[in-house]
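*Asks:* The following block contains the structure, expressed as structure tokens.
Bear in mind these aren't lab numbers, they're just calculated from the coordinates by the rules spelled out. Please read all numbers here as calculations on a predicted model, not as lab measurements. As a convention, Cβ positions derive from the backbone with ideal geometry for all residues, glycine included, and neighbour counts pool all protein chains shown.
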Amino acid sequence: MKKISLIFSALMLCLTMTACGSGEPASAPSVAENDKAAVQGKLNKSENKTETVASTDDDKQSGTTEAPAEKPEEHTSDGTNILVAYFSCDGENYNVGTIEKGNTQIIAEYIADEVGADSFHIETVTPYPASYQECCDVAKQEQNDNSRPAVKGSVENMEQYDIVFLGYPIWWGDMPMAVYTFIESYDFSDKVVIPFNTHEGSGESGTYYSIQSALPNAQVLDGMAIQGKTAQAFNSDTQQAVRDWLDGLGF
Ligand SMILES: Cc1cc2nc3c(=O)[nH]c(=O)nc-3n(C[C@H](O)[C@H](O)[C@H](O)COP(=O)(O)O)c2cc1C
């Protein structure tokens, strides 16, 4: 843990010296054929389902964004079987100052809008401090303790979702512990889990492996990692990169 802290501190110093503009450009990761096939299998399955949806999210999108005109018919989802679950904090954060909406949340909302998913904001019963430094201290303690902070609310009818996008920031080289609380609270058997995360230099930091280890009966795909500052600016290039990634997955 000490090693990770040192690496992170060095990384932060580096970024302090180089950070400028709206962050590193986001680029769509390449998608493996079997990952695309896994998504397609679940999307096809959804065509046979009814449109009954139990929404679980206060932050659910209005769905006003128009789908791109060229979107192929077969890629359209009615949203009944896709969930975007994400952890994200507003307040003071590294490299972006004090923000009104978390970096990961910005990406989560875009994905939910684009694929027509329900969404669930993973929030802890005890909120994290708004101060970046205090938040870092609490997060580090939780990680050292391998704790499972209680999460507010729950996803009703988790069984209706075949595809779960899981969004989170990197905290101390890992997912926030509350994300473990969340994923360990449900049966993910036979679900396709698609991670996405924001970070300030650590990339996905081995979290795809951690998620798969925690959810051995789910199929965890490779995801997309975006610098937090880039996500916060969310310019058209970032939007396009996320859209390209979703296209690659077959949405
Ligand atoms: C407690 C804490 C720990 C962090 N640890 C890391 C880290 O290890 N590696 C990294 O690249 N960024 C780290 N960051 C930066 C966040 O990953 C980044 O700001 C992210 O975009 C925050 O997402 P959010 O606004 O959705 O919460 C950390 C930030 C916080 C608050």
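*Asks:* Where a ≥ b ≥ c are the square roots of the eigenvalues of the C-alpha gyration tensor, would you call segment 77-251 rounded, which needs a/c under 1.5, or, failing that, prolate if a/b is larger than b/c, or oblate? Could the numbers behind the result be given before it?
*Replies:* Details: a/c = 1.61, a/b = 1.15, b/c = 1.40.
Oblate shape, in that a/c is at least 1.5 and b/c is the bigger or equal ratio.
*Asks:* Report the local net charge at Tyr168: Lys and Arg +1, Asp and Glu -1, summed over other residues whose C-beta lies under 12 Å from its C-beta.
*Replies:* Working: positive: none; negative: Asp174, Glu204.
Once positives and negatives cancel, what remains is -2.
*Asks:* For the pairs Lys45/Lys152; Lys140/Lys229; Lys152/Lys191, flag any whose C-alpha to C-alpha distance is greater than 27 Å.
*Replies:* Details: Lys45/Lys152 30 Å; Lys140/Lys229 22 Å; Lys152/Lys191 23 Å.
Violating the 27 Å limit, Cα to Cα: Lys45/Lys152.
*Asks:* Using only Cα atoms, figure out Rg for segment 183-236 and give it as a multiple of 2.2 N^0.38 Å.
*Replies:* On the way: Rg = 13.0 Å, N = 54, 2.2 N^0.38 = 10.0 Å.
For segment 183-236, the normalised Cα radius of gyration comes out at 1.30.
*Asks:* Here's a follow-up. Cut-off 20 Å, label point 7 angstrom out along Cα-to-Cβ of Ala37: give me the residues of segment 189-224 whose amide nitrogen falls inside.
*Replies:* Flagged as within label range: 190-195, 217-223.
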